[in-house]
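To start, the structure itself, in structure tokens.
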Amino acid sequence: MDRSEADDVTVEGASAEDAATEDATGGSAVGEPVLRPAVTDAAAAATTAADVRLEGERRATRPDRVSSVLVAVGEGPHAGATVDVAREVADATDAWLELFHVVPSEAAIAAETATDEGRTDADDRGPAEGGGVRDSAGDDADGGRSDGDRLLAAAEDRLGAFDRVDRWLVEDRTAADAIVEQSPYYDLVVVGAPTTGTVGRFVFGSTTDTVVDEAAVPVIVVEANGSTALRGE
């Protein structure tokens with residue numbers, strides 16, 4: 001795929017011109033819109049991405065500014081390309097990146113255990129969606145947090161010399177809940193395209209659709225050009 005083509009970016013929602021006419025208070029926004037141009041440039045520069053889609057552009061309260069970006073980091077083939085596109089957007093807008101990974105909370109694990117009819121031994125059950133963070137004694141939960149730390153470290157390593165970055169490991173019932181809840185505190189969210197199968201499903205499965213529908217800010221959805229897993233699958 002020719003990464004120089006503008007058609008690599010699909011924008012869902014209002015046009016950039018419409019988004020630029022109003023800010024959060026209904027008045028005129030300051031400056032020229034930067035979001036769509038930044039996404040277009042990122043799609044062209046990130047050769048690991050086969051498709052970059054901007055959803056919910058009208059949610060941007062300041063189309064002329066992107067200062068913080070929440071990047072959903074998970075297992076799966078789109079993970080590396082997601083980080084690559086986020087970096088390109090941040091480079092174009094001088095934004096700060098928050099690498100964000102979610103593991104199931106102990107409450108979520110307990111709830112799943114309680115509702116699994118006829119099965120009371122957590123050790124006898126299959127892996128939790130998104131990485132097997134499951135153990136009534138908390139051992140596997142600790143392992144999931146450690147695994148999440150390693151995944152975030154791999155994502156940060158992929159950024160190379162880029163240094164406007166933080167890492168945040170969160171426990172929540174679902175990745176979608178956590179991302180949507182935190183989205184109002186950022187100007188943009190970047191997620192991987194939906195992934196089928198067990199690997200990556202916790203962050204990049206149906207989570208993508210939920211985030212696109214419910215996030216408070218625009219969302220970039222990234223599909224990789226081949227597998228770009230942060231670690232070996």
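The values are calculated or read from the model by the stated rules, or taken from the named source; none is laboratory data. Worth saying up front: this structure is predicted, and the values here are computed from it rather than measured. Glycine also receives a Cβ, built like all others from the backbone with ideal geometry; neighbour counts cover every protein chain displayed.
For the range 203-218, the criterion of a residue being under 21 Å from D91 (Cβ atoms) and either at pLDDT 95 or above or more than 11 Å from the chain's Cα centre (by Cα) (or both) is satisfied by at least one position. Restricted to the range 58-80, and to residues there that are over 16 Å from the mean Cα position of the chain (by Cα) and in a helix (DSSP H, G or I), the residue that is surrounded by the fewest Cβ atoms within 10 Å (Cβ to Cβ) is R58. Going by the structure shown, is V189 modelled with pLDDT of 95 or more, touching a helix residue (DSSP H, G or I) at 6+ places or on another chain (Cβ under 7 Å) and either surrounded by fewer than 18 Cβ atoms within 10 Å (Cβ to Cβ) or within 26 Å of V34 (Cα to Cα) (or both)? Yes, satisfied.
When D84 is tested against (1) out of contact with any Ser or Thr (no Cβ under 8 Å at 6 or more places or on another chain); (2) at pLDDT 95 or above, exactly one condition is not met: (1). Pairing residues of the range 51-74 that are at positive phi with residues that are small (G, A, S), at Cβ distances under 8 Å and at least 6 apart in sequence or on separate chains, gives G56/G13; G56/A215. The residue of the range 214-223 that is nearest to A49 (Cα to Cα), among those that are buried (at least 24 other Cβ atoms within 10 Å of the Cβ) and among the aliphatic types (A, V, I, L, M), is V222.
Filter the range 122-165 for residues that are at pLDDT 90 or above and touching a helix residue (DSSP H, G or I) at 6+ places or on another chain (Cβ under 7 Å); which is surrounded by the most Cβ atoms within 10 Å (Cβ to Cβ)? Before the answer, list the steps.
Our first condition is that a residue be at pLDDT 90 or above; within the range 122-165, this holds for 148-165.
From what's left, touching a helix residue (DSSP H, G or I) at 6+ places or on another chain (Cβ under 7 Å): 155, 158-159, 162, 164-165.
Values: A155: 25, R158: 20, L159: 18, F162: 14, R164: 15, V165: 19.
Result: A155.
Of all the criteria given as (1) farther than 18 Å from S67 by Cα; (2) part of a strand (DSSP E or B); (3) out of contact with any helix residue (DSSP H, G or I) (no Cβ under 6 Å at 6 or more places or on another chain), the one not satisfied by W168 is (1). Select from the range 87-110 the residues that are touching an Asp or Glu at 6+ places or on another chain (Cβ under 6 Å) and modelled with pLDDT under 95 and write down the one among them that is nearest to V165 (Cα to Cα). The selected residue is V102.
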